[in-house]
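The values are calculated or read from the model by the stated rules, or taken from the named source; none is laboratory data. Because the structure is predicted, anything quoted here is derived from the model rather than measured. Every residue, glycine among them, receives a Cβ derived from its backbone with ideal geometry; neighbour counts consider all protein chains shown. Each accessible area value is taken on the protein alone, full model and side chains, heavy atoms only, with ligands, DNA and RNA left out. Shrake-Rupley method; radii C 1.70, N 1.55, O 1.52, S 1.80 Å.
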Amino acid sequence: MKKSLIALATSASLFATGAIAGDIRFDGWPDLDSHLDTVIPLFEAKNADVKINYQMNDHGDHHKKLTTNMATGTGAGDVVAIDVGFVGSFINGGGFENLSGEKYGANDLKTEFVDYAWTQGKGLDGNQYGIPYDIGPGVMYYRTDVLGGVDGDIDQVITDWDSYIEYGKKLKEKGIFLIADAGDVAKTIVFTTVEPGNGTYFDKDGNSLVTSERFVTAFETAKRIRDAGLDGQIGSWTNEWYAGFKEGTVATQLSGAWLLGHLQNWMAPDTSGKWAVSNLPDGIFGSWGGGFLAIPTQAENKAEAWEFIKYLTASEEAQISALKTIGAFPVLKSTYADAAFDEPIEFLGGQKARLLFAEVANNISAVEPQKGDLIAEDVVMSGALTEVLNDGKDVMAALKDAERLLMRRVK
Amino acid sequence: MQTSSEEKLPRKLEKPGRASRIRALRKSLVPWFFISPFLILFLVFNAFPLGFSIFLSFQEWNPVAGLNSMKFVGFKNYLSAVDDPWLWKSIYNTVWLAFAANIPQHLIAIPIAYLLVASLKGTVRHLYTATMFVPFITSTVAVSLIFFTIYSANTGILNQWLLALSTMPFIGGLFSWVPDVMPIRWLGKSDLLKPAIAFVVVWKYTGFNIVIYSAGFLTISKDLYDAAKVDGCNAWQQFWYVALPMIRPFIFFAVTLSIIGSLQLFEEPYVLTSGNSGGVGQAGLTASYYLYLVGWEWLEMGQAAAISWILFLFIAVVTSVHFYFNGRKGLEGNQ
């Protein structure tokens, strides 16, 4: 606690200066800076009186800094990026501008955006606080050489989870893992098959859904994969994870459109041409990640900030530029007709994958973020899930324990 | 005339009076001015946060909502902390790690320091001590990241060594069980995670204790050993009956540091569990790790402040127990 208060006090004094009138500052995390370097000159050319600079911190630090900025009411940028994982906790706190208000009129833009992403930027009061700038349509990445090695057919593999597991059993004979971590399957099911009108973990009235059918199915499916020894038990973003992609010892990965950029740029550039993407198994549509832009109420140049947000999110120029420079998938629907979407992607063996991403994006249904999401994710999706998979705890027992923990915190 | 002299008189008296009062005031203020850098830093960074966190522990506060959103909730944060299963789990883990990581540290450091002092001279000894001190001054995060890779189940060097040992000609038999249990998931099983963390702590802090104990053994006068030898003590008896009792104050000091340090353990478990809510079954969730989780991940600052005060009480109780039982003897030392 002492440490955090010191951090709070220092960051308050460090950032107290804020932006100078006419200037706006964008707070975010890399690779957004690469994107901004391209689009800021374009925006400034059209708006000569506005100067934009940015401040990048890594993903975790950015959100921590934003927390202290909100706590002390000072030091935040005029435009701040918020990851989808944090958006529910942040925008319902009251520290951000209501963009549905008369000053901004964000609601007029609603129809231009991918529906589910727009909904995620809404507060519990139904007003818009965050405008989505990119999305992560969920797909399955798979090694075509591995699939060919067992004479598999991708459409057959993704029919449902049973056929997916069957594929895994064939791979096991060859010493190849179906997936890096079975936990990803559970997460996919939990996050993508949310019943209409519900949040991920809670229903509209704040009751827990953690012991519902969806969680049980998700955990049991993951457990089947783990118990059959079909996954590598490899955590994401570790050296073993990258090695699996490079060496072809892992056959599939469920993830967002953005993984493509990472795979081809640094994780496994030498495997170009050996990959392809398909829909997720069992006919589900889901998203991995996504980012939002918001204006803190403490910002000084709100009008300019709003213009810049509109430029980044609602202009085809900026959205296509983000796709090309940092692989951020557009959230603006009109861009999907752009020629860039018809381009075959070399890394994926010439597949026109962006068309698939766009199709997925249009089919994802909205799940509204809720206040307890951050706690729930830690308690249920890291806590209970690893206990079930790694320690063999009973599914229902683990979910009930998690629910009890969750409800005593959230209520 | 009279009136003017009357006017003059008090004025004359008053003038030196005011000046001396100012001088006296200045005299008493000057020392404060000179220690003000410390005082200001202390007030801003120690006293204020301390007071603020007491205040905060009675509030419900989501920092994202701003300072105005604080809500007084009385003792609610304390009461809900008391029946918080993860808090107790984290305290249990902290105590477990304190024992598992500290006892080996001292059991290794004391004999090594003794041997270094007894058998090596000057530069060579300094070289050895310095080498063993290096882990202590290396960044904890860097150390933990390296161990994260060493523990890696499929590609980590630890598992590769164990496999290699099982195929060695003579000792292979001892490790014949290894191929059957491969890959060992050091960080992926709740029962292996804590020992894995404890080992990193032992590796990192043993060198520091060696330095303390070396200094301790150096303070012992050679005459004592000579007298012991005359009385017919062998090497073991010299260590056990002469050297060890003489370094009691050093043991007390090193153990106190270890207790405080291990109750605040954070970086090692945090990095080794990838910051993933304490690892499998929260086996690596220490008290300060949990504090961080509640405050910064879950944005419940009031609750986190209450937990930090509970943790403070806990540390205070543990160290005072340690002082009560070992303090007198420990501090008396050679006298």
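Kindly evaluate B:Phe148 against the criterion of being open to solvent by 20 Å² or more (accessible area, probe 1.4 Å), within 15 Å of B:Leu265 (Cβ to Cβ), in a helix (DSSP H, G or I) and at pLDDT 90 or above. No: the conditions fail for B:Phe148.
All of (1) more than 17 Å from B:Tyr270 (Cα to Cα); (2) within 14 Å of another protein chain (Cβ to nearest Cβ); (3) surrounded by 19 or more Cβ atoms within 10 Å (Cβ to Cβ) hold for B:Leu193 with one exception: (1). Listed by position, the helices (runs of 4 or more DSSP H) enclosed by segment A:147-222 that each have at least 1 residues that are farther than 21 Å from A:Leu385 by Cβ and modelled with pLDDT of 90 or more are A:154-157, A:161-173.
Of all the residues in segment B:151-184, those that are surrounded by 18 or more Cβ atoms within 10 Å (Cβ to Cβ), among the aromatic types (Phe, Trp, Tyr) and assigned to a helix (DSSP H, G or I) number 0. Criterion applied to B:Leu145, B:Leu97 was being within 13 Å of chain A (Cβ to nearest Cβ) and in contact (Cβ under 8 Å) with a residue 60 or more places away in the chain, and the one residue passing it is B:Leu145. Answer yes if at least one residue in segment B:253-269 is more than 12 Å from chain A (Cβ to nearest Cβ), under 24 Å from A:Gln233 (Cβ atoms) and of a type outside the set (Ser, Thr, Tyr), and no otherwise. There is at least one residue in segment B:253-269 that is more than 12 Å from chain A (Cβ to nearest Cβ), under 24 Å from A:Gln233 (Cβ atoms) and of a type outside the set (Ser, Thr, Tyr). Summed over segment B:213-253, residues that are in a loop (DSSP other than H, G, I, E, B) and under 26 Å from B:Asn326 (Cα atoms) total 4. Of all residues in segment B:216-229, those that are closer than 26 Å to B:Phe253 by Cα have Cβ atoms under 9 Å from Cβ atoms of residues that are open to solvent by 70 Å² or more (accessible area, probe 1.4 Å), 6 or more apart or on another chain, in B:Gly216/B:Arg248; B:Gly216/B:Phe253; B:Thr219/B:Asn334; B:Ile220/B:Asn334.
Results for (1) part of a helix (DSSP H, G or I); (2) not hydroxyl-bearing (Ser, Thr, Tyr), shown as yes or no for each residue.
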site: A:His262; (1), (2): yes, yes
site: A:Asp282; (1), (2): yes, yes
site: A:Phe285; (1), (2): no, yes
site: A:Leu293; (1), (2): no, yes
site: A:Gln298; (1), (2): no, yes
site: A:Phe308; (1), (2): yes, yes
site: A:Thr313; (1), (2): yes, no
site: A:Ala318; (1), (2): yes, yes
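Picking from A:Thr200, A:Thr221, A:Thr193, which residue would you name as being in contact with a helix residue (DSSP H, G or I) (Cβ under 7 Å, 6 or more places away or on another chain) and open to solvent by 40 Å² or more (accessible area, probe 1.4 Å)? Unique residue meeting the criteria: A:Thr193. Of all the listed residues (B:Ala113, B:Ala118, B:Ala130), the sole one being assigned by TED's automatic domain parsing to the domain that holds B:Glu268 and open to solvent by less than 50 Å² (accessible area, probe 1.4 Å) is B:Ala113. Would you please name the residue that is surrounded by the most Cβ atoms within 10 Å (Cβ to Cβ), looking only at residues in segment A:34-45 that are free of Cβ contacts under 8 Å to residues at least 60 places away in the same chain and over 15 Å from A:Trp306 (Cα atoms)? That would be A:Leu36.
Residues in segment A:162-190 that are hydrophobic (A, V, I, L, M, F, W, C) and open to solvent by less than 20 Å² (accessible area, probe 1.4 Å): A:Ile165, A:Leu171, A:Leu178, A:Ile179, A:Ala180, A:Ala182, A:Val185, A:Ala186, A:Ile189, A:Val190.
Looking only at residues in segment B:132-142 that are assigned to a helix (DSSP H, G or I) and free of Cβ contacts under 8 Å to residues at least 12 places away in the same chain, the one that is nearest to B:Arg185 (Cα to Cα) is B:Ala142.
The number of residues in segment B:270-308 that are among the hydrophobic types (A, V, I, L, M, F, W, C), within 8 Å of chain A (Cβ to nearest Cβ) and out of contact with any Leu (no Cβ under 8 Å at 6 or more places or on another chain) comes to 1.
Here's the yes/no breakdown for (1) of a type in the set (A, V, I, L, M); (2) under 19 Å from the mean Cα position of the chain (by Cα):
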position	(1), (2)
A:Gly60	no, yes
A:Leu66	yes, yes
A:Ala76	yes, no
A:Phe96	no, no
A:Asp115	no, yes
A:Trp118	no, yes
A:Tyr129	no, yes
A:Tyr133	no, yes
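Among residues of segment A:326-343 that are farther than 19 Å from A:Val39 by Cα, those with a beta-carbon under 9 Å from a residue that is assigned to a loop (DSSP other than H, G, I, E, B) and open to solvent by 50 Å² or more (accessible area, probe 1.4 Å) at least six positions away or on a different chain give the pairs A:Phe341/A:Lys352; A:Asp342/A:Lys352; A:Glu343/A:Lys352. Checked against the criterion of being within 30 Å of B:Glu267 (Cβ to Cβ) and in contact with an Asp or Glu (Cβ under 9 Å, 6 or more places away or on another chain), segment B:156-176 has at least one qualifying residue. Residues in segment A:224-240 that are assigned to a helix (DSSP H, G or I) and either touching a helix residue (DSSP H, G or I) at 6+ places or on another chain (Cβ under 8 Å) or modelled with pLDDT of 95 or more (or both): A:Arg224, A:Ile225, A:Arg226, A:Asn239. Summed over segment B:302-335, residues that are at pLDDT below 90, over 30 Å from B:Met246 (Cα atoms) and open to solvent by less than 30 Å² (accessible area, probe 1.4 Å) total 1.
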